[in-house]
Structures are given as C-alpha cells and as structure tokens.
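J.: Have a look at this one.
The values are calculated or read from the model by the stated rules, or taken from the named source; none is laboratory data. Model, not experiment: these values are computed from the prediction. Here the Cβ is made from the backbone with ideal geometry for all residues, glycine too, and neighbour counts use every protein chain on show. Heavy atoms of the whole protein, side chains included, go into the accessibility calculation; ligands, DNA and RNA do not. Shrake-Rupley method; radii C 1.70, N 1.55, O 1.52, S 1.80 Å.
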Amino acid sequence: MNRTKIKALLARTAPLEKVLIKGWVRTRRDTKEFSFLEINDGSCLASIQVIVDAGSPGSEHLPDLSTGAAVAVTGEMVPSPGKGQAFEIRSHALEFVGGSGGDAYPLQKKRHSDEFLRTIAHLRARTNKYGAIMRIRSRTSHLIHRFFEEEGFFLIHTPVITGSDCEGAGEMFRITTVKGTTPASEDFFGKETNLTVSGQLSAEMMALALGDVYTFGPTFRAENSHTSRHAAEFWMLEPEMAFCDLAGNMDVAEALIKYVVKGVLETCSEDITLFAKFVDKTLMATLTSLRDDTYERLPYKEAVEILQNAKKKFEYPVSFGIDLQSEHERYLAEEHFKKPVFVYNYPKGIKPFYMRVNDDNETVAAMDLLVPRIGELVGGSQREEREDVLRKRMADMNLPEEEYWWYLDSRRFGSVPHSGFGLGFERLLMLLTGITNIRDVIAFPRTPGSIDF
Ligand code: 4AD
Ligand code: MG
C-alpha cells in the first residue's frame, strides 16, 4: 500500500476505510484505553490525530514514540468527534520507524527562539514556522517560473564561476584550488576567477539572441554587512528583456510581484495565516497592497526632496548624489507612500558601468523597487546599448576593455535597447512571510562569521 500525504487526506470530504500515513510524532498523550498521537509529515502545516487502542498491533512501541520519532500508521480515517479537524485516524497497525532519543531531541513541544533555532538549522524545518517558510519558498520559486513561462521568457542558466565583476564593487569570493601552490584562477583558467555576484552580463548576451530571458540561481557577495537583509550567498532572479526600456522594465517587475503575491495568497493560505497570526499582524494588509495597489514611480531627485522635507530625523543626511540608505528606502515605502515605490534615474556616480546614461548626462536609467519593512527588493536598469557611450563610461571608470571584449561585441553586432533587473529571492520571502531576518528564510544561511552546516 502506498502512503498518502496528510495534506491530501485533510483535503478529503469523505472518510476512508484504509489508509497508510508516514511521518513524525509531534505529541503523544496516553489514557488507559488509548493513546493520541499528533503526526506531521511536512506536506502541510496541520498534523493529523491518530488514535491507538491499548493492545492494538504495534501499540507496544508507544513508549518509544516521543516527540520527533518517526512512525508509519495503517488505519481507518473516520470522522473526528472533537473540534478542529473533520477526520482522525484509528490505527490498525502501528510501525515504529525511527526513535528520537526522548528528552535528547532538541525540538520539544514548546516555543523556541529564532536564535536558538539558527544553531540547529538542520532540524528547524521540523517546526511549524520553519516548515511553513520552506513550503512557501518552494511555491514562490515555482510561481516565478510559471510567470515567466506564461510571458514567453526562456529560462537560461548562467555560470557560477566568472571572470568579471558585474557590479564593479569588488565584493567577490575568489576561487582557488586546494591542491597546488598558485591560485586556481591563474593555474586552472589562466586568469583570476570569482563566484558570480550577478548573472546579468551573461543574461544580456542571451536576451540579445532570444528576446526575453531570465536566470534564477545562487549569487555570492563578500560584503561584510552584518544586517538582517544581507547574506553572503543568496538567490537572485534576473530577467533581461530585449527591446525594452526602463518603464517596460518596471512593468515586468510590478506584474511579476503581483502575480507571485496573488499565487501565494491563493495556494499557501494555511501557512500564510500562521505568519499573519504569530509573526506580523500587518502581513495581510501588506500583501493585499502588494497585490492590488499601483506601485509609485518616482525620480530619484524627487525622492531626495521628499526625504529632505521629511519631519523624521535620519541617521545619514540626505543630499542629491547619495546612495539611499535602508532608513531612507523604508521611510519612502513604509511611511510616505505606504506602498511599493520605484525610484528611478539615479545619479550616474553611484551606479555601475552598464546602466544607460540619460540625456542630462548626470543620471542613469536605473530603478530600485523599495518595499515596506525591507527597503530595496529589486535593482535594475535599462542597459547602455550605445557602443561609444559605453566605451567612454568604461574608460571613465577605469574598466579594462580587454576584459569586457565580449560584452562590447554585443554593442557592435545588432545592439538594441534592453533592460533587466535583479530581485533578491530571500528578501521577497521576508516580504511574503513577515520574517525580519534573512537567516530565517533560507535553509542553511551563509553570513559573515559563521558556517556550521
Ligand atoms: O541591486 P543589485 O546589486 O543588482 C544587481 O546585481 C544587478 N546586476 C541585477 C540585474 O540588473 N540583473 O542586486 C539585486 C537585488 C537587490 O535589490 C537585493 O534584493 C538583492 O539582489 N541583494 C541581496 N540579497 C541578499 N543579500 C545580499 N547581500 C544582497 N545583495 C543584493
Ligand atoms: Mg542594488
């Protein structure tokens, strides 16, 4: 007999004569005549109640079934007399699959702090909250793929090992070999190589061949930022569109986020309800706004004016030319507009070489999407498609042309206006769940100072 997932069982409206479930014990309660087991198998938030009669087959294992133990139960699914769930399972045969060491099991039935759970990241997905995060993470990932598939984009896979620094910020992890005395970069590839900070430059090459593409994979940044929104390894979604300007770029970002929020609300409601109840009381309002409101679009210059006229005292003073800090970004989205805000046309001096220079020669066609609680969720731009302007900008920024000969080639051969953006996947998950620390929306976080798993 095949096992049935608890999610599928709980979706039923009729009882079942025979069913096999497999999962882990959350709690056990004994009376003289029978024992109650709450079993969870990870397929959904809810556990199902199993009733084991004293003396029934397998009941001799009951003393070993403490929290965390693994079991298989064959039985009948019958209407439940109690409140809560419609059905429960009456065990006909109980099989002991794996013990959990009794009191040694770290996840006893009580609330644990996020800090403690980070020290046992290998076990924390067995809790309600972290199980829910992992299910939402999976669903969100699928929704992203579904959106781009429906919109006619091609999924491309960009390399993790790169020979260039897309963002030009030098925040890269260098690759070396373990054997040998010279770094792999010189030894193996003939040049120094790094873990990718962004798949954008490769994605641009593919967009100029396939039209609309996206890449979605891990990216790496050696920024020593000890914040709740930065990780050294994070997943980035990067669409790139040929024949697309900055406004079209913002349109895609807005449509994507609305699609994902709608999909998550429709298909993860049980898990989302958990976060709305226990993590962030304003979560539903935030998600509804993300799904229904028209996002604000605001030139950087006007954003600076709003911030300068704000009553709020900022830690970093605001003037034209500064890179907006997270306190500024959050103020705009959270307090001033109370909805997502695209800030666009940033000063040229604070942005990378590939962004298209505007006619004012002072700003570039960049856009960041700022959202409540997080700040920057998306960073993107229209790319500089004019070969002469690009060469000049690279020279001004001291970027060696010979390193980017292939990138410049794309501007020599059939260059077209094109745009794209990067969305931090973990930041999107923080937004969707109300979780405030990036370490808690990725299974095994990599942040400065610690790597245990
Ligand atoms: O703004 P960023 O640096 O943009 C790029 O890398 C572009 N090349 C993307 C593109 O146009 N294709 O990063 C994009 C997004 C940010 O808005 C943020 O959400 C996320 O990636 N991000 C991080 N997320 C977690 N930890 C970090 N250290 C992050 N750095 C950026
Ligand atoms: Mg950015």
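J.: Have a look at T13, T74 and point out the one that is surrounded by fewer than 18 Cβ atoms within 10 Å (Cβ to Cβ) and more than 15 Å from R126 (Cα to Cα).
T.: So the residue among T13, T74 that is surrounded by fewer than 18 Cβ atoms within 10 Å (Cβ to Cβ) and more than 15 Å from R126 (Cα to Cα) is T13.
J.: Okay, next question. Which residues, taken from region 226-237, are more than 6 Å from ligand 1 (Cβ to nearest atom) and in a strand (DSSP E or B)? Full working, then the answer.
T.: Within region 226-237, the subset more than 6 Å from ligand 1 (Cβ to nearest atom) is 226-229, 232-233, 235, 237.
Once the filter is applied, which keeps residues that are more than 6 Å from ligand 1 (Cβ to nearest atom) and in a strand (DSSP E or B), region 226-237 yields E233, W235, L237.
J.: Within region 337-381, restricting attention to residues that are part of a strand (DSSP E or B) and open to solvent by 20 Å² or more (accessible area, probe 1.4 Å), which residue is nearest to T227 (Cα to Cα)?
T.: Residue satisfying both the conditions and the ranking: E376.
J.: Then there's this: Would you mind stating whether E385 is part of a strand (DSSP E or B) and of a type outside the set (K, R)?
T.: no
J.: Hey, does region 144-155 have a residue that's part of a loop (DSSP other than H, G, I, E, B) and either over 25 Å from V264 (Cα atoms) or aliphatic (A, V, I, L, M) (or both)?
T.: no
J.: Out of (1) at pLDDT 95 or above; (2) under 23 Å from T273 (Cα atoms); (3) touching an Asp or Glu at 6+ places or on another chain (Cβ under 9 Å); (4) not charged (D, E, K, R), what's the single condition that is false for G82?
T.: (1)
J.: Could you list, in sequence order, the residues of region 357-391 that are within 16 Å of ligand 2 (Cβ to nearest atom), charged (D, E, K, R) and within 27 Å of G414 (Cβ to Cβ)?
T.: Hit for region 357-391 is R383, nothing else.
J.: Right, here's the next one. List every residue pair whose Cβ atoms lie under 6 Å apart, where the two residues are 6 or more positions apart in sequence or sit on different chains, the first residue falls within region 46-65 and is over 30 Å from S269 (Cα atoms), and the second residue, located anywhere, is part of a loop (DSSP other than H, G, I, E, B).
T.: Note: pairs meeting the criteria are A54/E33; D64/G99.
J.: Continuing with this model, one more query. So E223 ticks every box in (1) open to solvent by 20 Å² or more (accessible area, probe 1.4 Å); (2) more than 7 Å from ligand 1 (Cβ to nearest atom); (3) free of Cβ contacts under 8 Å to residues at least 60 places away in the same chain but one. Which box is left unticked?
T.: Checking E223 against (1) open to solvent by 20 Å² or more (accessible area, probe 1.4 Å); (2) more than 7 Å from ligand 1 (Cβ to nearest atom); (3) free of Cβ contacts under 8 Å to residues at least 60 places away in the same chain, the one that fails is (2).
J.: Kindly indicate whether E335 is modelled with pLDDT of 95 or more, within 25 Å of T288 (Cβ to Cβ) and within 16 Å of ligand 2 (Cβ to nearest atom).
T.: Taking the combined requirement at face value, the residue does not satisfy it.
J.: Something else: Taking the residues in region 81-102 that are among the hydrophobic types (A, V, I, L, M, F, W, C) and open to solvent by 30 Å² or more (accessible area, probe 1.4 Å) as candidates, determine which candidate is nearest to I48 (Cα to Cα).
T.: A86
J.: Could you give me the residue pairs with C-beta distances under 8 Å whose first residue belongs to region 442-453 and is of a type in the set (D, E, K, R), whose second residue is modelled with pLDDT of 85 or more wherever it lies, and which are 6+ apart or on separate chains?
T.: R446/A231; R446/A232; R446/E233; D452/T119; D452/A121
J.: If you don't mind, there's one more thing I want to ask. With the requirement that a residue be in contact (Cβ under 8 Å) with a residue 60 or more places away in the chain and either open to solvent by less than 20 Å² (accessible area, probe 1.4 Å) or touching a Lys or Arg at 6+ places or on another chain (Cβ under 7 Å) (or both), what does region 382-400 give you?
T.: Of everything in region 382-400, those that are in contact (Cβ under 8 Å) with a residue 60 or more places away in the chain and either open to solvent by less than 20 Å² (accessible area, probe 1.4 Å) or touching a Lys or Arg at 6+ places or on another chain (Cβ under 7 Å) (or both) turn out to be Q382, R383.
J.: Restricting to region 103-132, give me the number of residues that are open to solvent by 40 Å² or more (accessible area, probe 1.4 Å), among the charged types (D, E, K, R) and in a helix (DSSP H, G or I).
T.: 6
J.: Which ones in region 23-52 are surrounded by fewer than 17 Cβ atoms within 10 Å (Cβ to Cβ) and not in a loop (DSSP other than H, G, I, E, B)?
T.: Answer for region 23-52, where residues must be surrounded by fewer than 17 Cβ atoms within 10 Å (Cβ to Cβ) and not in a loop (DSSP other than H, G, I, E, B): T27, R29, D30, F36.
J.: Across region 326-336, what is the total count of residues that are open to solvent by 40 Å² or more (accessible area, probe 1.4 Å) and either under 10 Å from L307 (Cβ atoms) or touching a Cys at 6+ places or on another chain (Cβ under 9 Å) (or both)?
T.: Selection size over region 326-336: 2.
J.: For region 257-271, enumerate the residues that are in a helix (DSSP H, G or I) and buried (at least 22 other Cβ atoms within 10 Å of the Cβ).
T.: Correct list: I257, V260, V261, V264, D271.
J.: Mind telling me which of the residues M205, M250 ends up being within 21 Å of Q382 (Cβ to Cβ) and open to solvent by 20 Å² or more (accessible area, probe 1.4 Å)?
T.: On inspection, the qualifying residue turns out to be M205.
J.: What tally of residues in region 376-421 results from selecting those that are more than 15 Å from K351 (Cβ to Cβ), within 16 Å of ligand 1 (Cβ to nearest atom) and modelled with pLDDT of 95 or more?
T.: 6
J.: Suppose we keep only residues that are at pLDDT 95 or above, among the small types (G, A, S) and outside any strand (DSSP E or B) within region 191-225. Which one would you say is nearest to R174 (Cα to Cα)?
T.: S198
J.: Considering region 71-107 alone, what residues qualify as being touching a residue at least 40 places away in the same chain (Cβ under 8 Å), under 12 Å from V25 (Cβ atoms) and of a type outside the set (A, V, I, L, M)?
T.: Result: S100, single match.
J.: Would you point out which residue out of A276, A253, A231, A303 is more than 16 Å from ligand 2 (Cβ to nearest atom) and of a type in the set (A, V, I, L, M)?
T.: A276
J.: Sort out which residues of region 416-453 are open to solvent by 40 Å² or more (accessible area, probe 1.4 Å) and farther than 16 Å from R118 by Cα, and write them in order of number.
T.: P417
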